[in-house]
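Below is one structure, written out as structure tokens; comments come after it.
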Amino acid sequence: MYTGIQHLHSFLSYLVIAGLAVSIILALIGQFSGKPFTGKDRKLALLGLIPAHLQWVVGLVLYFLSPLGLSSLSGQAMSNSMLRLYTLEHPVMMILAVVLITIGFARAKRLRNPKKQYRSIWVFYLIGLVLILSRIPWAAWP
Ligand code: HEM
């Protein structure tokens, strides 16, 4: 069970990064070409949102199964940079990133000006992507 979830979490990371990158590029093209923000553009923005949502749920499950998750969280772990990354920095930063991505999507749905709608997608998704990239355990992945 642990190994399966670990592999799923690792694989989903590719979809999260690719989905966010595609959504950001499409939203930038949309903003600068002056097109209206249609239902199709909202669906394309889901390419960034859905993998990120799936990933945080899988990550949460993994946190309870992995020897690098909750079971390693302690005051002592904070003085070890690798354990601090897995037990605290990675989960907190990833959840923050997914919250920002969700806000960007929800704002775009609510706003009425197409330029602002596209901007809401690419700005919030880009901040989310930077936060994600900043706390991926690069020593272990890909
Ligand atoms: C967008 C969100 C996330 C991304 C892109 C992401 C990405 C990754 C990556 C690339 C790894 C390394 C995988 C490997 O070694 O093959 C990893 C490991 C891990 N992640 Fe995440 N993660 C996300 C969210 C979360 C969340 C929300 C949690 C916990 C609440 C979490 C908990 C973990 C744990 C415990 C590991 C270590 C697993 C192990 O090797 O035992 N992740 N994550």
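The values are calculated or read from the model by the stated rules, or taken from the named source; none is laboratory data. Keep in mind that what you see is a predicted model, and the values were worked out from it rather than measured. Using ideal geometry, Cβ is built from the backbone for each residue, glycine included, and neighbour counts are taken over all protein chains shown.
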Looking across the stretch 59-74 at residues that are buried (at least 18 other Cβ atoms within 10 Å of the Cβ) and among the aliphatic types (A, V, I, L, M), the single one that is farthest from residue 89 (Cα to Cα) is 62
Of the residues in the stretch 75-87, those that are closer than 18 Å to residue 140 by Cα and either of a type in the set (Ser, Thr, Tyr) or loosely packed, with under 14 Cβ neighbours inside 10 Å (or both) number 5
I'd like the residue in the stretch 22-34 that is surrounded by fewer than 18 Cβ atoms within 10 Å (Cβ to Cβ) and in contact with a helix residue (DSSP H, G or I) (Cβ under 7 Å, 6 or more places away or on another chain) and, out of all such residues, is farthest from residue 49 (Cα to Cα). 28
If residue 142 passes every condition in (1) part of a loop (DSSP other than H, G, I, E, B); (2) within 8 Å of the ligand (Cβ to nearest atom); (3) farther than 30 Å from residue 28 by Cβ; (4) not charged (D, E, K, R) but one, which one does it miss? (3)
Which residue pairs have Cβ atoms closer than 6 Å, lie 6 or more positions apart in sequence or on different chains, and pair a first residue in the stretch 1-28 that is closer than 15 Å to residue 94 by Cα and among the charged types (D, E, K, R) with a second residue that is modelled with pLDDT under 95 and not in a helix (DSSP H, G or I)? none
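Yes/no per residue for (1) more than 10 Å from the ligand (Cβ to nearest atom); (2) surrounded by 20 or more Cβ atoms within 10 Å (Cβ to Cβ):
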position: 91; (1), (2): no, yes
position: 94; (1), (2): no, yes
position: 99; (1), (2): yes, no
position: 106; (1), (2): yes, no
position: 112; (1), (2): yes, no
position: 119; (1), (2): yes, no
position: 124; (1), (2): yes, yes
How many of the residues in the stretch 99-139 are in a loop (DSSP other than H, G, I, E, B) and farther than 30 Å from residue 87 by Cα? 3
